[in-house]
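This report concerns only the one structure given below.
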Amino acid sequence: MTGNELRNKFLQFFKSKDHLVLPSYPLIPENDPTLLLIGAGMAPFKPFFTGKMKPPHPRISTSQKCVRTGDIENVGRTARHHTFFEMLGNFSFGDYFKKEAIAWAWEFLTEHIHLPKDKLWITIHTQDDEAFHIWLNDIGIPAERIVRLEDNFWEIGPGPCGPCSEIHIDLGEERGCGKPDCKVGCNCDRYLEIWNLVFTQYDRDEAGNYTPLAKKNIDTGAGLERIASVLQNKPSNFETDLLFPIIEHTAAVANVVYGQSSRNDVSLKVIADHARSMTVMIADGILPSNEGRGYVLRRILRRAVRHGRLMGIEQPFLAPIVDIVANIFAEPFPDLADRKEYIKKVIQLEEERFHTTLAQGLELLTGHIQTLRQAGHVVLDGATGFKLYDTYGFPWELTQEILADYDMELDKTGFDLAMKEQRERARAARADVESKVILPDLSELATDKLSYNENADHAKLFLLSKEGKVVDAIHDGEEVVIILDVTPFHAEGGGQVGDIGCIVGAMGKVDVLHTRKLPDGTVYHLGMVTEGILKTGEPVALEVDLSRRRAVARNHTATHLLHAALKCTLGGHVNQAGSQVGPDRLRFDFSHFASVTPEQLAEIEALVNKVILDNLHVGIIETTQDLAKEMGATALFGEKYGDQVRVVIVDGFSKELCGGTHVSSTAEVGFFRIVSEAGVGSGVRRIEAVTGFGAIELVKTHEQILDKAAMTLKSRPEDITARIDSLLGRVKELERDVTNLHNKLAKSVVDELLMDRQQIGNVTVVAGQVEAADMDNLRNVADLVRDRIGDGVIILGAVSDNKVNFVVMATKEAVAQGIHAGNIVKQAAKATGGGGGGRADMAQAGGKEPEKTAEALRAAVEVVRSQVK
């Protein structure tokens, strides 16, 4: 059975059990800043498990794409560890419980994919007698194949938790460790866990007390790759059709044969796994960076590069693998094929960038190795190793491998400590964010009665919340969350800011500062009570700041026009990579791999303004996702859309899936002006622009600057360019004159210095204080003196900005006589409260006490006397 067949069979099985089958959610968590990436099938459903939101159906099933890096060092070294994997899952929210979850798991495994019953082992929590009796009496598992383990309990801090039951398959003694006590739970590959059934039946409080939940939940997870390896009779997940085509391709590129070298096999497996991760992450809108999920992507990609180098692949090689990954996932993730050229370009740029930092890091590491050898040490401290990892992207294994060539090693304990400190800082930052997340408890509310109507001007207060708790009334000075039975306030989403305004009751008033939306579509308003008191159920008047909304709508429609203009001008590869639409300006991030030229920006701006002046109709329709794609509507990769989608159509120019506010005609945008264009990441550019009154104000500001400049230059605005060219020409002439004067002055200074030269042994010494604006000028004077004396030592000092600079130069003949410029300048600087040094033939330094310059020069001459052989 192929991986695709297995996935489909699982989902269809649970569809037959009245489960709502949903597509995989993107890897970027929605409305959950506490998670970097989706790492489990249940992660997108956290609000349903906590009971704060109602699910669209009490039974759901998915095959969720997941990324985890906690065990990244084990990838390729075991049969089952991955950074990217698919988790098959079935979930119940207060519906069925243990009896059904266990029975259905057994039915699927034994009757639908025909795993041998006598090879399946069960683990349960030590105190879960209920699960024990279901497995024993209902399913018929012998008691000796039901293992009680203390670890079979799922919890993450306070909140819903419960025991779990894992299903393992015995793959045979030949896959085991050979130890006489080998059994379920052993770290070898004999007993493979293929399904985990979590029974969420308790609520744990802060004190550690467990209270039975009124509504119990089911959360199960089965590894697609693991079950596929069993069905395809492969020794590891990597030999299945979900990964092995990548291994075959990479082996050919590296000119190695899989199965002949354990070291090469590890690298081939790592590359296969990491290629899947990076491809899906980029498709979901993640780009390489130095923080957050972008850092996870960068680490995965660079780790793959390193394993390519271990097999002798010196050139970039990862981008072509995207074609293979897209083919493997053509059925579950067809968007990969649509976007693979973009994904390949991002990978190519990042791989090339790593080759550059690799060279920089190697230079730094080589310097540390030389220092260690000079000191007679053989251990590189962990902090330096972590800097190589953190700044230059060096995996610690690469550092260790290079050190081993010099019979040295990395202080891995120190490295791990530095890594732990960084993780704790990141964890603390996420915890801080988590403490600020506001999510009203809607579990007992009939949210299906709530509605959005942009023309509503009256409503009832449906729910009031303060500090995360539902209250009956809110009072002056309180920060609150309000849900209305009907709202005209448009929620933040798709890069667009939410509406603001006010809610007015008979005895009180709330200023609405933000409007947001929960994953189920429920709109909530965050605000401040500025007057009196308001109570639940009270009728209220609603006032949206319509002037601000119209400004936002102008900017949002302009982003659609800009997106289409970019595609027309730069090419079809352009795709939106992010946006921010506010009342003052718009920001649009897009995929493009070179800076946009001024000529191209002018063309883009002109095209958008032409469409605005053409007064095209802007229409909005609601249709199915499939029909929207058929009509050519642009969807944003990484976004999750429902079956029904909203399409914004600018007649003959643009079609995009969008839930934001828009004008009804392009003419309402008024005027479009680009403010800036710059790169913001690997393969991502950003344009900021203004429209309407904002664009008019920008033009006024530019005109004022132009008029002021014209007055300063005593010119007309239209003649400014010519006037500036003329002035720049005059400046160049004056600079040449100044340079000539400096050269004449320097020659005069040299003549004076040479008159005071002295002979110490066989060495000519020229020492003195000169006028020099900076260190560069001082070095130039020293060069002139050296050219004149031919052989000897030059010691010069110059006072500037209440400090003193020193330069010492020594010719080859002087160095042969024992002269060392670095030691001479060190003494001069020391005499003026400073420091410095350098090579034997040239050195420079600085001091803080310029009044001691003459004394310092005399000290320097004395050092020369001591050095002359």
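Observations, loosely collected:
- Residues considered: Lys812, Lys830. Of these, the only one that is touching a helix residue (DSSP H, G or I) at 6+ places or on another chain (Cβ under 9 Å) and either hydroxyl-bearing (Ser, Thr, Tyr) or surrounded by fewer than 19 Cβ atoms within 10 Å (Cβ to Cβ) (or both) is Lys830.
- Every listed requirement among (1) open to solvent by less than 50 Å² (accessible area, probe 1.4 Å); (2) closer than 18 Å to Leu566 by Cβ is met by Gly642 save one, (2).
- Every residue from the stretch 790-825 that is more than 16 Å from Lys852 (Cα to Cα) and touching a Lys or Arg at 6+ places or on another chain (Cβ under 7 Å): Ile794, Met809, Thr811, Gln817, Gly818, Ala821, Gly822
- Put simply, of Val266, Val257 the only residue that is out of contact with any strand residue (DSSP E or B) (no Cβ under 8 Å at 6 or more places or on another chain), surrounded by fewer than 20 Cβ atoms within 10 Å (Cβ to Cβ), aliphatic (A, V, I, L, M) and outside any helix (DSSP H, G or I) is Val257.
- For first residues located in the stretch 333-353 and open to solvent by less than 10 Å² (accessible area, probe 1.4 Å), partners that are charged (D, E, K, R) and assigned to a helix (DSSP H, G or I) and lie 6+ apart or on another chain with Cβ distances below 9 Å form the pairs Glu350/Arg298; Glu350/Arg302; Glu351/Arg302.
- Search result, residues across the stretch 454-490 that are part of a strand (DSSP E or B), in contact (Cβ under 8 Å) with a residue 60 or more places away in the chain and open to solvent by 50 Å² or more (accessible area, probe 1.4 Å): His458, Lys460, Phe462
Residue-by-condition table, conditions (1) at negative phi; (2) surrounded by fewer than 22 Cβ atoms within 10 Å (Cβ to Cβ); (3) in contact (Cβ under 8 Å) with a residue 12 or more places away in the chain:
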position	(1), (2), (3)
Pro44	yes, no, yes
His57	yes, yes, yes
Gly70	yes, yes, no
His82	yes, no, yes
Glu86	yes, no, yes
Gly89	yes, no, yes
His112	yes, yes, yes
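- Residue check, Arg788 basic (Lys, Arg), surrounded by fewer than 19 Cβ atoms within 10 Å (Cβ to Cβ) and at pLDDT 90 or above: no
- Residue in the stretch 377-394 that is farther than 30 Å from Arg7 by Cα, touching a residue at least 40 places away in the same chain (Cβ under 8 Å), open to solvent by less than 20 Å² (accessible area, probe 1.4 Å) and assigned to a helix (DSSP H, G or I) present: no
Let's see how each residue does on (1) part of a loop (DSSP other than H, G, I, E, B); (2) open to solvent by 60 Å² or more (accessible area, probe 1.4 Å); (3) free of Cβ contacts under 8 Å to residues at least 60 places away in the same chain; (4) more than 24 Å from Glu454 (Cβ to Cβ):
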{"position": "Ala558", "(1), (2), (3), (4)": "no, no, no, no"}
{"position": "Thr569", "(1), (2), (3), (4)": "no, no, yes, yes"}
{"position": "Val574", "(1), (2), (3), (4)": "yes, no, yes, yes"}
{"position": "Glu599", "(1), (2), (3), (4)": "no, yes, yes, yes"}
{"position": "Ile620", "(1), (2), (3), (4)": "no, yes, yes, no"}
{"position": "Asp626", "(1), (2), (3), (4)": "no, yes, yes, yes"}
{"position": "Lys629", "(1), (2), (3), (4)": "no, yes, yes, yes"}
{"position": "Arg646", "(1), (2), (3), (4)": "no, yes, yes, no"}
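- Residue in the stretch 218-227 that is touching an Asp or Glu at 6+ places or on another chain (Cβ under 6 Å), open to solvent by 10 Å² or more (accessible area, probe 1.4 Å), at pLDDT 95 or above and closer than 29 Å to Lys65 by Cβ present: no
- For Thr34: the one exception among (1) of a type in the set (Ser, Thr, Tyr); (2) surrounded by fewer than 20 Cβ atoms within 10 Å (Cβ to Cβ); (3) more than 30 Å from Arg516 (Cα to Cα); (4) touching a Lys or Arg at 6+ places or on another chain (Cβ under 7 Å): (3)
- Qualifying positions in the stretch 648-691 - out of contact with any strand residue (DSSP E or B) (no Cβ under 9 Å at 6 or more places or on another chain) and surrounded by 20 or more Cβ atoms within 10 Å (Cβ to Cβ): Ser682
- The residues of the stretch 785-817 that are in a loop (DSSP other than H, G, I, E, B), under 50 Å from the mean Cα position of the chain (by Cα) and not polar (S, T, N, Q) amount to a single one, Asp801.
- The residue that is farthest from Ile347 (Cα to Cα), among those in the stretch 534-556 that are outside any strand (DSSP E or B), among the charged types (D, E, K, R) and touching a strand residue (DSSP E or B) at 6+ places or on another chain (Cβ under 7 Å), is Glu538.
- Here the stretch 739-781 is the region considered, the condition is being among the basic types (Lys, Arg) and in contact (Cβ under 8 Å) with a residue 12 or more places away in the chain, and the residue that is least open to solvent (accessible area, probe 1.4 Å) is Arg779.
- Top-ranked residue of the stretch 77-98 - restricted to ones that are more than 30 Å from Asn264 (Cβ to Cβ) and among the hydrophobic types (A, V, I, L, M, F, W, C), ranked as modelled with the lowest pLDDT: Phe93
- Residue list for the stretch 231-252, restricted to those being hydrophobic (A, V, I, L, M, F, W, C), over 27 Å from the mean Cα position of the chain (by Cα) and either in a loop (DSSP other than H, G, I, E, B) or surrounded by fewer than 19 Cβ atoms within 10 Å (Cβ to Cβ) (or both): Leu231, Ala252
- Tallying residues that are in contact with a Leu (Cβ under 9 Å, 6 or more places away or on another chain) and open to solvent by less than 40 Å² (accessible area, probe 1.4 Å) within the stretch 695-735 yields 2.
- Verdict on Leu136 being open to solvent by 50 Å² or more (accessible area, probe 1.4 Å) and either outside any helix (DSSP H, G or I) or not charged (D, E, K, R) (or both): yes
- Near pairs, Cβ below 7 angstrom, 6+ apart or cross-chain, from the stretch 218-234 (touching a residue at least 24 places away in the same chain (Cβ under 8 Å)) to any residue that is basic (Lys, Arg): Leu224/Arg7; Arg226/Arg80
- Restricting the stretch 114-126 to residues that are of a type in the set (D, E, K, R) and out of contact with any helix residue (DSSP H, G or I) (no Cβ under 8 Å at 6 or more places or on another chain), the residue that is surrounded by the most Cβ atoms within 10 Å (Cβ to Cβ) is Lys119.
So that you can scan it fast, the table gives a plain yes or no per residue for (1) open to solvent by less than 40 Å² (accessible area, probe 1.4 Å); (2) at pLDDT below 85; (3) over 18 Å from Asn237 (Cβ atoms):
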| residue | (1), (2), (3) |
| --- | --- |
| Gly159 | yes, yes, yes |
| Ile167 | yes, no, no |
| Gly176 | yes, yes, no |
| Asp181 | no, yes, yes |
| Val184 | yes, no, yes |
| Asn187 | no, yes, no |
| Glu193 | no, no, no |
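- Filtered by the rule that a residue be farther than 30 Å from Met53 by Cβ and assigned to a helix (DSSP H, G or I), the stretch 108-133 gives Leu109, Thr110, Glu111, His112, Lys117, Asp118, Lys119, Asp129, Phe132, His133.
The values are calculated or read from the model by the stated rules, or taken from the named source; none is laboratory data. Predicted model only: the values in this text are computed from it and were never measured. So basically every Cβ, Gly included, is an ideal-geometry build from the backbone, and we count neighbours across all protein chains shown. These accessible areas exclude ligands, DNA and RNA; they are computed on the full protein's heavy atoms, side chains included. Shrake-Rupley method; radii C 1.70, N 1.55, O 1.52, S 1.80 Å.
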